[in-house]
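The values are calculated or read from the model by the stated rules, or taken from the named source; none is laboratory data. Predicted, not measured: the structure shown is a model, and the values here were computed from it. Positions of Cβ are backbone-derived with ideal geometry, glycine not excepted, and every protein chain shown enters the neighbour counts. Ligands, DNA and RNA are excluded from the accessible area calculation, which covers all protein heavy atoms including side chains. Shrake-Rupley method; radii C 1.70, N 1.55, O 1.52, S 1.80 Å.
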There are 2 protein chains.
Amino acid sequence: MTIDGAGLKVDPQDIKLFEKFIPKIEKYRQALNDNILDDYKLPEDLIPQSLGFDVTKIPEKVLTKSEIEITELKAIDLADKIASGEYSSVEVFKAYAKRATMAHQLTNCAMEIFIDEGLKRAEELDEIFKKTNKTVGPLHGIPVSLKEHYDYKGKITHGGYVGLIDNVSTETNQCVQILYDAGAVFYIRTTEPQMLMHLDSNNNITGLTKNPHNTNLTPGGSSSGEGAITAMKGSAFGLGSDIGGSIRAPAGFCGVWGLRPSQKRIPMFPMVPSGNKTQENVVVVLGPLARSAQDLELFMKVQLSSKPWETDATVIPLPWREVKTPTPKELKVAIIYDDGVVKPTPPIIRGLKHSAKKLKQAGVKVVEWESFNVKEVVEACYNGYNADGNAGQLSLLKLSGEPVVKLSKWQLNVGCGFDGQSVSEYQSNAGLRDSTRTAYLKKMNELDVDFILCPLYSSVAPVHETVHYWGYTSLWNILDFPNVVFPTGLKCDPELDKPDTEYVPRNEDEEYEYKLYDDATVFTGAPISLQLTGKRWFDEELVKASQVIEEIIRA
Amino acid sequence: MTIDGAGLKVDPQDIKLFEKFIPKIEKYRQALNDNILDDYKLPEDLIPQSLGFDVTKIPEKVLTKSEIEITELKAIDLADKIASGEYSSVEVFKAYAKRATMAHQLTNCAMEIFIDEGLKRAEELDEIFKKTNKTVGPLHGIPVSLKEHYDYKGKITHGGYVGLIDNVSTETNQCVQILYDAGAVFYIRTTEPQMLMHLDSNNNITGLTKNPHNTNLTPGGSSSGEGAITAMKGSAFGLGSDIGGSIRAPAGFCGVWGLRPSQKRIPMFPMVPSGNKTQENVVVVLGPLARSAQDLELFMKVQLSSKPWETDATVIPLPWREVKTPTPKELKVAIIYDDGVVKPTPPIIRGLKHSAKKLKQAGVKVVEWESFNVKEVVEACYNGYNADGNAGQLSLLKLSGEPVVKLSKWQLNVGCGFDGQSVSEYQSNAGLRDSTRTAYLKKMNELDVDFILCPLYSSVAPVHETVHYWGYTSLWNILDFPNVVFPTGLKCDPELDKPDTEYVPRNEDEEYEYKLYDDATVFTGAPISLQLTGKRWFDEELVKASQVIEEIIRA
């Protein structure tokens, strides 16, 4: 492809090159389909043939009572039951393999399925447990889903790039290895969008993934498949990554929990796109999508108790601290109702107001946060992504000449876009980041709050391939304040959440996003989720607070 | 000034502009001289009128027995004696004010002296102690010297740039404030070279600083004055900063202790050159120059017990851990005899061999480190400094049109020099850094060592304005493994350390540095110091180990 000032031109050469990759894509898809075992399949007649459905309850029509029981448990409780001998690893695995297969049939959440390997692993774990009467670790027998782009020895890892469809990993990502060493069972690698840079799901290999709550809508991204499978209870928890909202958008849009930890606590190498380059204006992090705060904590404990800093010098030796669960009266929260750039839509405002009311009633200190510097800092974040004039991303797209999908085009043009930055500008970006980081901390101190509650996007899950504005999540990526996304229990209701037709948008971004929510019926059933932010590197306090806050809001 | 490919051309405009600054420089120098109080002065006849002298013992000829006793104590012991009431803060301050004044007269180590303010502060501290019978903190009454470039409210802060000679700080650097809050007494700000980027001392405001052990030689830099004053015992300890060796070169050249902590533990804002830009390929850190390992630890404890991360979001919440002092048999050390780029000169090799022998005799595990990747990584480090094509430094030099001194010219041309880098190249630099970081950690694990002992420069302190190669220190800046520099107790001896005239240099850098050591008599008495490196963010273990290792070597 060639670049002009405005974006991307398709090159005849690329079209020709891409043709050579089409058989490879077909082969890849075929392998994916071939690995869907009949034993675990949903009958075809239960699979909706059009969009607009809530598919979350469909697997229950087929699953046994015991399978439902197993897959409904939190990972921490499931681990206890395996460790006590109540469930075998194989029994647990089969239930999850079934539910995961159905999740994929209903949402297209898998990039790769390897049930056979998972079953063998579960059998081995049972064997060990039988012989030693001990678990191999705190995740013994826990089925865990993995976003595709982490290297996995012996498996293709492409990161959503067609050009990497022949790339077989020679080693396994350290974070993944830690989960394995703690006893996790792997059997599915999940979808992500092209370039891993949409809050959505489309790629040229496996296409769109659907939101389980309403298949009209995106599950979010870039950990798209993780959002869908976690909501479908097709894994006990999953591993995502986040440089602009990629854990939090799918968690929020799919109504599950997601943690974006502070940077440099969780090891992350190797992964695709890999790195002989380090972009550190905005740092990618790995983290869990799960169904409870306790399971987010379990993930962090497993990771940090392995002392990853002993072999990866980019990881800070910050062990996971045990902190007490706060009482509601000990909690101090500022709420952002509007970031000053894109005002949230009616369902999100309802979620925020509902939450504020519940929290106040419970005795939580609640104050309002007046947004500042958001536009500049989000722009700096976008600049950070594209500071190399997209050289890295283009070189990977060029490998196959694959078509650049809609939201990739948008993403490549945000911030400095194809112009890129000079090193001076790049360093100014980082300077703005650092001064704002401290300004935000100072404001938290002035307001005397430990947490900030806000939307994770200006609306609920949008229709496929429409989401643009990343500001509600990417603000925290560049500032590196950790976040938990959690479901409020509320869902979008066309009766309660009618579009605000009188609102006059303040800028183009807002106008674009606001127009997406012009017919509330399209969004029926979309989860209303919120994002809780803590102080940098105080992930422990954040996770505990999110647990209490969610309980209060849900009550 | 204008730039050509090779370096810097003097512009007639700059000469004209600089003329306007000459009266300002004169005024600044006059203020420095005016603040040298007669009470504390050394008689003129004790001040050597030529170079080549060891001036470290001169103050003792004039100081009283009690003044010598006070100024010879470690800061930790001095703090105890003040806290127990054995010494008053004023008594301590006067002894140090005297010795610091003499240090300045003998080495030209001060940028600014403010004895009056220090005395007032000491009086206030005594008053508080008298009233409350309590100290204000662990540094109550401890005289501490400060490198000039930290902002200090109400005082000029120029960072060695003539163009900033009118810049009056509006707030005080946080690290400095923490020392103050712990009871430190300030009275002197010390010299640094132009641009803060030489391992030497020259600037256009106060000129050269001299090495107290041999005034032929540089005290090192960029914390030049801190090296000199600490060796002269003109402060209990001092505050330096280091992005390429700026704490360690002066500590090593002047035969005192220096700690370059792992990054992001010590707060560092605001300082000059200040920052609406953040260069993070190689990160500057603040740290102490002192006369013992215990005092390095004292500094770190004071800083981290103040929890600087509560107000500066760039600081990692890593409290100072209490670790036990290792026995010699618990210590595992690799020694670098040659980094593969510039072979050390005879006195340094003697120091290394002497140390290895002593350590082995004491039961320390000692293995040899075979250097790898040094040339590439040091080049990446140089590139990091100049990635903006020197835009930042040039803009500050241009403010006054000041002449660019010899070693500034050299520094501006290292690495990518005036060409700068693209953001892609800059990110590749950081990528190489990260992979090498982990490769070094892996190698430490393979060798089963916790520490690396190596030179801090290829030789002892060189003659003024000759030092080029930063590799022995800057390698660790880019990798961010923490370092302690300490004196071995050995000094350069022309009889023992004859130049190796037969050695054939492997490259230009080596040829240049090797030629500097062609007449050992020039370096008589220069301290032979070494550098101990620990694992990233394990500063606690490093400081304790350095204490034990120095004791073994000195014994």
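Assume the label is 7 Å from Cα along Cα to beta carbon: what separations in nm does A:Asp54 have to the matching positions in the other copies?
Here the equivalent label points are 8.7 nm apart from this one.
Could you provide, to the nearest whole Å², the per residue accessible area of region A:1-116 with probe 1.4 Å? Intermediate values should be presented prior to the final figure.
Numbers: 6110 Å² over 116 residues.
Normalised by residue count, the accessible surface of region A:1-116 is 53 Å².
Run the numbers on region A:249-281: which residues show a drop of 30 Å² or more in accessible area, chain on its own versus all protein chains together, using a 1.4 Å probe over heavy atoms?
With the partner chains in place, region A:249-281 has these residues losing at least 30 Å²: A:Asn276, A:Lys277, A:Thr278, A:Glu280.
Once you mark the chymotrypsin sites (Phe, Trp or Tyr not before Pro) that are in a DSSP loop and have at most 15 other Cβ atoms within 10 Å, what is the longest gap between them in chain A?
Working: sites that count: A:Phe372, A:Tyr503.
Longest run free of exposed loop sites: A:1-371.
Report for the protein assembly as shown the percent antiparallel among DSSP-assigned beta bridges with both residues inside it, nearest 5.
Working: 57 of 85 bridges.
Beta bridges within the protein assembly as shown, antiparallel portion: roughly 65 percent.
Rounded to the nearest 0.05, what FRET efficiency is calculated for B:Lys131 and A:Glu310 with R0 set to 51 Å and r the Cβ-Cβ distance?
On the way: r = 50 Å, r/R0 = 0.98.
The formula returns an efficiency of 0.50 here.
If you roll a 1.4 Å probe over the heavy atoms of the protein chains, what accessible area per residue do you get for region B:503-555, in Å²?
Working: 1970 Å² over 53 residues.
Heavy-atom SASA per residue in region B:503-555 reads 37 Å².
Give me the summed buried accessible area for the B-A pair, 1.4 Å probe, to the nearest 100 Å². All intermediate terms of the calculation are to be shown ahead of the outcome.
On the way: alone 20950 and 20960 Å², together 38640 Å².
Result for this pair: about 3300 Å² buried.
Dipole magnitude of region A:25-554 about its Cα centre, charges +1 at Lys/Arg Cβ and -1 at Asp/Glu Cβ only, in debye to the nearest 20?
Details: 57 positive and 71 negative charges, 202 e Å.
Dipole magnitude for region A:25-554 comes out near 960 debye.
When the helix-only estimate is applied to chain B (DSSP H runs of n ≥ 4, each -39,500 (n - 2.57), divided by the residue count), what is the mean residue ellipticity at 222 nm, nearest 500 deg cm²/dmol? Walk me through the numbers before you get to the answer.
Numbers: 17 runs with 216 residues, N = 555.
Only helices count here, giving -12500 deg cm²/dmol.
Would you list which aspartates and glutamates come within 13 Å of B:Lys9, measuring only between C-alpha atoms, while excluding same-chain residues fewer than 8 positions from it?
Within reach: B:Glu402.
To the nearest 20 debye, what is the magnitude of the charge dipole of region B:389-506 about its Cα centre, counting +1 on the Cβ of each Lys and Arg and -1 on the Cβ of each Asp and Glu? If you can, show how the numbers build up before the last one.
Numbers: 10 positive and 14 negative charges, 71 e Å.
Charge dipole, region B:389-506, about its Cα centre: 340 debye, nearest 20.
Taking K and R as +1 and D and E as -1, what net charge do the other residues with C-beta under 9 Å from the C-beta of B:Thr101 add up to? Please report the intermediate quantities before stating the final value.
Details: positive: B:Lys41, B:Lys98, B:Arg99; negative: B:Asp39.
Once positives and negatives cancel, what remains is +2.
Of the options A:Leu359, A:Thr191, A:Ile266, report the single residue whose Cα projects farthest towards the positive end of the charge dipole of chain A (beta-carbon charges: Lys, Arg +1; Asp, Glu -1).
A:Leu359
From the label point of A:Lys324, set 7 Å along Cα to the beta carbon, how far off in nm is each other copy's matching point, shortest first?
3.1
If amide hydrogens are placed 1.01 Å from N in the peptide plane, which non-local residues have theirs closer than 5 Å to the one on B:Met271?
Answer set, sorted by chain and number: B:Asp151.
Remind me, relative contact order of region A:375-496 in percent, using alpha carbon pairs under 8 angstrom and six or more residues apart? Display every interim value, and only then the final one.
On the way: 92 pairs, mean separation 40.3, N = 122.
The value is 33 percent.
Relative contact order of chain A: what whole-number percent is it, with Cα pairs under 8 angstrom and at least 6 residues apart? Mind dumping the intermediate values first?
Values: 1277 pairs, mean separation 91.1, N = 555.
Reported as a whole number, the value is 16 percent.
Whole angstrom only: what separates the Cα centroid of region A:498-555 from the Cα centroid of region B:130-152?
Their Cα centres are 49 Å away from one another.
Taking a ≥ b ≥ c as the square roots of the Cα gyration tensor eigenvalues, with a/c under 1.5 meaning rounded and otherwise prolate when a/b beats b/c, else oblate, which class fits region A:25-554?
Numbers: a/c = 1.31, a/b = 1.23, b/c = 1.06.
Judged from the Cα gyration tensor, region A:25-554 comes out rounded (a/c under 1.5).
Quick one: with all protein chains in place, what share of the accessible area of region B:88-154 is carbon or sulfur, to the nearest percent (1.4 Å probe)? Mind dumping the intermediate values first?
Details: 1170 of 2370 Å².
Result for region B:88-154: 49 percent of the exposed heavy-atom area is carbon or sulfur.
First compute the accessible area of region A:433-525 with a 1.4 Å probe, then give the percent of it belonging to carbon and sulfur atoms. It would help to have the intermediate numbers written out before the result.
On the way: 1770 of 3370 Å².
Here it works out to 53 percent.
Of the beta bridges DSSP finds with both residues in region A:25-554, what % are antiparallel, to the nearest 5? Each step should come with its number before you reach the end.
On the way: 25 of 39 bridges.
Close to 65 percent.
Taking accessible area as the heavy-atom solvent-accessible surface of the protein chains with a 1.4 Å probe, which residues of region B:373-389 lose no less than 40 Å² upon going from the isolated chain to the full protein assembly?
So the qualifying set is B:Asp388.
5 Å is the cut-off here: which amide hydrogens, built 1.01 Å from N in the peptide plane, fall below it relative to A:Ser529, excluding neighbours closer than 5 in sequence?
So A:Ser529 has HN proximity to A:Thr488.
With heavy atoms of protein chains only and a 1.4 Å probe, what residues of region B:302-320 have at least 20 Å² less accessible area in the full set of chains than alone?
At a threshold of 20 Å² (probe 1.4 Å), the residues of region B:302-320 that become less exposed are B:Trp309, B:Glu310, B:Thr311, B:Ala313, B:Thr314, B:Ile316, B:Pro317, B:Leu318.
Roughly what % antiparallel, to the nearest 5, for the DSSP beta bridges in region B:139-269? All intermediate terms of the calculation are to be shown ahead of the outcome.
Details: 1 of 8 bridges.
Beta bridges within region B:139-269, antiparallel portion: roughly 10 percent.
With a cut-off of 8 Å between alpha carbons and a minimum separation of six or more residues, what is the relative contact order of region A:209-342 in percent?
On the way: 206 pairs, mean separation 28.0, N = 134.
Relative CO of region A:209-342 lands at 21 percent.
Strictly over 26 Å apart at the Cα level, which of B:Lys27/B:Lys98; B:Lys24/B:Lys98; A:Lys20/A:Lys155; A:Lys61/A:Lys406; B:Lys81/B:Lys365 would you flag in this model?
Numbers: B:Lys27/B:Lys98 24 Å; B:Lys24/B:Lys98 28 Å; A:Lys20/A:Lys155 21 Å; A:Lys61/A:Lys406 36 Å; B:Lys81/B:Lys365 38 Å.
From the list (B:Lys27/B:Lys98; B:Lys24/B:Lys98; A:Lys20/A:Lys155; A:Lys61/A:Lys406; B:Lys81/B:Lys365), the Cα-Cα distance tops 26 Å for B:Lys24/B:Lys98; A:Lys61/A:Lys406; B:Lys81/B:Lys365.
Which pairs in the list B:Lys353/B:Lys443; B:Lys210/B:Lys357; B:Lys375/B:Lys409 are over 24 Å apart, alpha-carbon to alpha-carbon? Don't jump to the answer; show the numbers that get you there.
Working: B:Lys353/B:Lys443 22 Å; B:Lys210/B:Lys357 33 Å; B:Lys375/B:Lys409 21 Å.
Those over the limit are B:Lys210/B:Lys357.
Over every pair of different alpha-carbon atoms in the protein assembly as shown, take the mean of 1/r and invert it; report that Kirkwood radius in Å. Write down the numbers at each step before the final one.
Working: mean 1/r = 0.0319 Å⁻¹.
One over the average 1/r among Cα pairs gives 31.3 Å for the protein assembly as shown.
If the reach is capped at under 20 angstrom between alpha carbons, list the aspartates and glutamates near B:Lys498, excluding any in the same chain fewer than eight residues apart.
List returned: B:Asp338, B:Glu510, B:Glu511, B:Glu513, B:Asp518, B:Asp519.
If you roll a 1.4 Å probe over the heavy atoms of the protein chains, what accessible area per residue do you get for region B:279-325, in Å²?
30 Å²
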